[in-house]
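Engineer: This is the structure I want to talk about, given as structure tokens.
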Amino acid sequence: MEPNLWFGWFRADIIAKYAELFWRGLQVALAVTLICIVQGTALGLAIGMARLAEARHAPARQLCKYVLRWPSTIFVSFFRGTPLFVQILLMHFAVLPLFINPVDGFFIDGETARSLKQNYGAFLSGVVALTLNAGAYISEIFRAGIQSIDKGQIEASSSLGLSFRRTMFHVILPQAFRRMLPPLGDNAISLLKDSSLISAIGLAELAYAARTVAGAYSRYWEPYLTISLMY
Amino acid sequence: MDEVIRVNQLRKQFGKLAVLQGIDCSIRAQEVVCVIGPSGSGKSTFLRCLNGLETASAGDVLVHGVSVHHPRTNLDLLRSEIGMVFQRFNLFPHKSVLDNITLAPTRVRGLTAVQARDRASALLDKVGLKDKIHAYPNELSGGQQQRVAIARALAMQPRIMLFDEPTSALDPEMVGEVLSVMQALAEEGMTMVIVTHEMGFARQVADRVIFIDEGLIVEEGSPEDLFDRPQQARTRQFLSKVL
């Protein structure tokens, strides 16, 4: 193919030749992001509620503290306190092999494990790491959203005889959710951008596509500008 | 004597601060009791212990013979029988007046939407706000919000109503409309416990007035006795400042 120059320097032909790769990369990045948003929001809600769990009487009182509040606080501190990049590496090379291993996997072993690791290993550990990370950040959004609602709302609702669960779903969460929408949107955008880190463990998403193209032509502006635009 | 609320040696600590230091009292069916006292004396805390919004540090409250602070008590069930009106109204801002009123009756009592709606519009009629049924709380004045809050509590058909300084957050010209709704309720025979600074109102509607100071009941009696012939020096001192 003839070099097709835009503005005298941009080799558009390279991008055109690898359009398929970029397109697939975009699909993978979007798939990872969507899965992580859905799972991360569910996880975030659960952890956010766990961090706020309180009970009036023993033994539920102690149970809330040691079984819900402490573990969830440790979880959130870990995933917000360490780099996502490190979490992805840890997940891929240390945690996942514990569970899915041809020799002695906890969940899956033998031939299934081998092919699963080969074909979906990076996708799996990437999604798990990103979900846990997103869950930690989103739980803080939920917690802040719920805590920002005036205590009088809970009091009014419970004094009407509404249970804690109904108070949450009919009174607190609908109000909290409106305040949470902007930060949740921010979070979704950073999730898409953070998905590029999964290329480090070999997932063929956008950043990985750019690296492949850059390696093939020793041209860096074209692929990376292209994916920047796509992000 | 058909007693509906019995308070036994109720104590409440907030950290080192002893807000309630052993309150004993009893409230009968259809009685209207006003609780007065200086700010910080524990009036509101006392009221909030009656439906378990605050947990007692010691002692107990029995409502219809059921212990409010026992771990096995179904507080949701108990609270559905006790209406509460707050100083700051606490209407649900994301729901219309109608939905504010029908939420608990449909979810807790199992009323159909039509039944709940009928009940809501009857109650709104009673508090003089029938035309506001589709309004949202932020479109209403303070006095109107508080009347909706009263209708919301009444929609559960409670056997007892608690009022926590219901007029203290209102502009003066709106106090009257709320008090007249409460007075009508008292005349219908509702059992009411009212924490208030409105001495004139207390004198007018109360069957009994309780004066609380520093976490203890200093004096209680009929409005005439308490306002006109206070026995305790502290009561006289307080009344001389507010009357």
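Engineer: Tally the DSSP beta bridges in the stretch B:149-229 and give the antiparallel ones as a percent, rounded to 5.
Structural biologist: Values: 5 of 10 bridges.
Antiparallel bridges make up about 50 percent of those DSSP assigns within the stretch B:149-229.
Engineer: Kindly express, to the nearest 10 degrees and within the range 0 to 90, the angle between helix B:233-242's C-alpha long axis and the longest C-alpha principal axis of chain B.
Structural biologist: 40 degrees
Engineer: Once both axes come from the Cα atoms, what is the angle between helix A:110-147 and the longest principal axis of chain A, in degrees from 0 to 90, rounded to 10?
Structural biologist: Value to nearest ten degrees: 50.
Engineer: Give me the residues in the stretch A:144-181 whose solvent-accessible area, probe 1.4 Å, is reduced by at least 40 Å² once all protein chains are included instead of the chain isolated.
Structural biologist: A:Q153, A:E155, A:A156, A:S158, A:S159, A:L160, A:G161, A:L162, A:R166, A:H170, A:Q175
Engineer: Principal axes first, then extents: for the Cα atoms of the protein assembly as shown, list largest minus smallest coordinate on each axis, whole Å, largest first.
Structural biologist: 106, 51, 43
Engineer: How much accessible area per residue does the stretch B:174-243 have, counting only protein heavy atoms and a probe of 1.4 Å, in square angstrom?
Structural biologist: Numbers: 3200 Å² over 70 residues.
For the stretch B:174-243, the per-residue accessible area is 46 Å².
Engineer: Which is the longest run of chain B containing none of the GluC sites (Glu not before Pro) found in DSSP loop states (not H, G, I, E, B) with at most 15 other C-beta atoms within 10 Å?
Structural biologist: Working: sites that count: B:E188, B:E214.
It runs B:1-187.
Engineer: For A:H57, what accessible surface area do you get with a 1.4 Å probe? Give it in Å², rounded to 10.
Structural biologist: Surface accessible to solvent at A:H57 totals approximately 50 Å².
Engineer: In whole percent, what relative contact order does chain A give with Cα contacts below 8 Å and a gap of six or more residues? Kindly include the intermediate steps, with their values, before the conclusion.
Structural biologist: Values: 261 pairs, mean separation 68.5, N = 231.
Over chain A, the number comes to 30 percent.
Engineer: Further, regarding this structure: Give the residue from A:H92, A:L130, A:S158 lying farthest towards the positive end of the charge dipole for chain A; charges sit on Cβ (+1 for Lys and Arg, -1 for Asp and Glu) and the dipole is referred to the Cα centre.
Structural biologist: The one lying farthest along the dipole's positive direction is A:S158.
Engineer: Within 10 Å of each Cβ in B:80-93, how many Cβ atoms from other chains are there, averaged over the peptide?
Structural biologist: Values: counts 4, 1, 3, 3, 5, 2, 4, 1, 4, 2, 10, 3, 8, 6.
Neighbouring Cβ atoms belonging to other protein chains average 4 per residue here.
Engineer: Please state the relative contact order of the stretch B:180-243 as a whole percent: Cα pairs under 8 Å, 6+ residues apart? Spell out each step's value before the answer.
Structural biologist: Numbers: 48 pairs, mean separation 14.1, N = 64.
Over the stretch B:180-243, the number comes to 22 percent.
Engineer: Using only Cα atoms, find the angle between the long axis of helix A:70-81 and the longest principal axis of chain A, and express it within 0 to 90 degrees, rounded to the nearest 10.
Structural biologist: The two axes meet at around 30 degrees.
Engineer: According to the square roots a ≥ b ≥ c of the eigenvalues of the Cα gyration tensor, what is the shape class of the stretch B:73-153, taking rounded for a/c under 1.5, prolate for a/b larger than b/c otherwise, and oblate for the remainder?
Structural biologist: On the way: a/c = 1.89, a/b = 1.30, b/c = 1.45.
Oblate shape, in that a/c is at least 1.5 and b/c is the bigger or equal ratio.
Engineer: When the accessible area of the stretch B:9-137 is computed with all protein chains present and a 1.4 Å probe, what percentage of it is carbon and sulfur?
Structural biologist: Working: 2580 of 5440 Å².
Roughly 47 percent, rounded to a whole number.
Engineer: Could you size up the charge dipole of the stretch B:72-193 around its Cα centre, putting +1 on the beta carbon of Lys and Arg and -1 on that of Asp and Glu, and report it in debye to the nearest 20?
Structural biologist: Values: 14 positive and 14 negative charges, 117 e Å.
Dipole magnitude for the stretch B:72-193 comes out near 560 debye.
Engineer: Follow-up. Just how large is the dipole of chain B about the Cα centre, in debye to the nearest 20, putting +1 at every Lys and Arg Cβ and -1 at every Asp and Glu Cβ? If you can, show how the numbers build up before the last one.
Structural biologist: Values: 27 positive and 29 negative charges, 144 e Å.
Its charge dipole is roughly 700 debye.
Engineer: Under a 10 Å cutoff between Cα atoms, tell me which one of B:G110, B:G176, B:G15 has the largest fluctuation in the Gaussian network model of chain B.
Structural biologist: Comparing B:G110, B:G176, B:G15 in the GNM, the peak value goes to B:G15.
Engineer: Which of the three applies to the stretch B:1-125, rounded, prolate or oblate, going by the alpha-carbon gyration tensor with a ≥ b ≥ c and a/c under 1.5 meaning rounded? Let's see the in-between values first.
Structural biologist: Values: a/c = 2.05, a/b = 1.76, b/c = 1.16.
Prolate, since a/c reaches 1.5 and a/b exceeds b/c.
Engineer: So, in Å, what gap is there between the alpha-carbon centers of the stretch A:1-60 and the stretch B:54-99?
Structural biologist: With the stretch A:1-60 and the stretch B:54-99 each reduced to a Cα centre, they are spaced 46 Å.
Engineer: Here's a follow-up. Report Rg(Cα)/(2.2 N^0.38 Å) for chain A, keeping two decimals.
Structural biologist: Values: Rg = 22.5 Å, N = 231, 2.2 N^0.38 = 17.4 Å.
Rounded to two decimals, the normalised Rg is 1.29.
Engineer: To the nearest 10 square angstrom, what accessible area does B:F201 show with a 1.4 Å probe?
Structural biologist: Approximately 10 Å² for this residue.
Engineer: Pick from A:G161, A:G81, A:G110 the residue whose mean-square fluctuation is largest in a GNM of chain A, springs joining Cα atoms under 10 Å.
Structural biologist: Comparing A:G161, A:G81, A:G110 in the GNM, the peak value goes to A:G161.
Engineer: Can you give me the Cα centroid spacing of the stretch B:125-177 and the stretch A:168-231 in angstrom?
Structural biologist: 49 Å
Engineer: Could I ask something else about it? Counting Lys +1, Arg +1, Asp -1, Glu -1, what net charge surrounds A:I100 among other residues with beta carbon under 10 Å of its beta carbon?
Structural biologist: Working: positive: A:R114, A:K117; negative: A:D109.
Net charge around A:I100: +1.
Engineer: Mind checking which lysines have their C-alpha under 28 Å from B:K43, skipping anything on the same chain fewer than 8 residues away?
Structural biologist: The qualifying lysines are A:K151, B:K12, B:K16, B:K241.
Engineer: Hey, got the average number of other protein chain Cβ atoms within 10 angstrom for residues in B:45-52? All intermediate terms of the calculation are to be shown ahead of the outcome.
Structural biologist: Values: counts 0, 0, 0, 2, 0, 0, 4, 3.
Per residue, the number of nearby Cβ atoms from other chains is 1 on average.
Engineer: Let me ask another. From the residues B:N51, B:I101, B:G40, which one has its Cα farthest along the dipole of the stretch B:4-131 in the positive direction, the dipole being from +1 and -1 charges on Cβ of Lys/Arg and Asp/Glu about the Cα centre?
Structural biologist: Of B:N51, B:I101, B:G40, it is B:G40.
Engineer: As a test of reading the structure, rank B:H134, B:H197 by solvent-accessible area (1.4 Å probe, protein chains only), most first. Don't skip to the answer; put the middle values down first.
Structural biologist: Values: B:H134 115, B:H197 80 Å².
Descending accessible area places them as B:H134, B:H197.
Engineer: So, one more: Set the Förster distance to 35 Å, then compute FRET efficiency between B:D2 and B:H197 from the Cβ-Cβ distance, nearest 0.05.
Structural biologist: On the way: r = 30 Å, r/R0 = 0.85.
Taking R0 as 35 Å, the efficiency between B:D2 and B:H197 is 0.75.
Engineer: Under a point-charge model restricted to the Cβ atoms of Lys and Arg (+1) and Asp and Glu (-1), what is the dipole moment magnitude of the protein assembly as shown relative to its Cα centre, in debye to the nearest 20?
Structural biologist: Numbers: 47 positive and 43 negative charges, 192 e Å.
With Lys and Arg at +1 and Asp and Glu at -1, about 920 debye.
Engineer: What lysines sit close enough to B:K126 to cross-link, taking a C-alpha to C-alpha distance under 22 Å and skipping anything fewer than 8 places away on the same chain?
Structural biologist: B:K95
Engineer: For the charge dipole of the protein assembly as shown, defined by +1 on Lys and Arg C-beta atoms and -1 on Asp and Glu C-beta atoms about the Cα centroid, which residue among B:F211, B:N138, B:L226 has the Cα displaced farthest towards the positive pole?
Structural biologist: Checking the options against the dipole of the protein assembly as shown, the answer is B:N138.
Engineer: Got a sec? What order do A:F106, A:F85 fall in by accessible area at 1.4 Å, biggest, i.e. largest, first?
Structural biologist: The residues order as A:F106, A:F85, largest area first.
Engineer: Rounded to the nearest 5, what % of DSSP beta bridges with both residues in chain B are antiparallel?
Structural biologist: Values: 21 of 38 bridges.
Roughly 55 percent of the beta bridges in chain B run antiparallel, per DSSP.
Engineer: Can you give the accessible area of A:W23 in Å² (nearest 10), computed on protein heavy atoms with a 1.4 Å probe?
Structural biologist: Here the accessible area works out near 140 Å².
Engineer: Continuing with this model, one more query. How do A:D104, A:D13 stack up against each other in accessible area, from largest to smallest, with a 1.4 angstrom probe?
Structural biologist: Highest to lowest solvent-accessible surface, that is A:D104, A:D13.
Engineer: Let me ask you something else. Taking Cα pairs under 8 Å and at least six residues apart, what relative contact order does chain B come out at, in percent? List each step's numbers first, then the result.
Structural biologist: Numbers: 447 pairs, mean separation 63.6, N = 243.
Relative contact order comes out at 26 percent.
The values are calculated or read from the model by the stated rules, or taken from the named source; none is laboratory data. Small disclaimer: the values here were computed from a predicted structure and weren't measured. Ideal geometry is used to build each Cβ from the backbone, glycine not excepted, and the neighbour counts take in all protein chains shown. These accessible areas exclude ligands, DNA and RNA; they are computed on the full protein's heavy atoms, side chains included. Shrake-Rupley method; radii C 1.70, N 1.55, O 1.52, S 1.80 Å.
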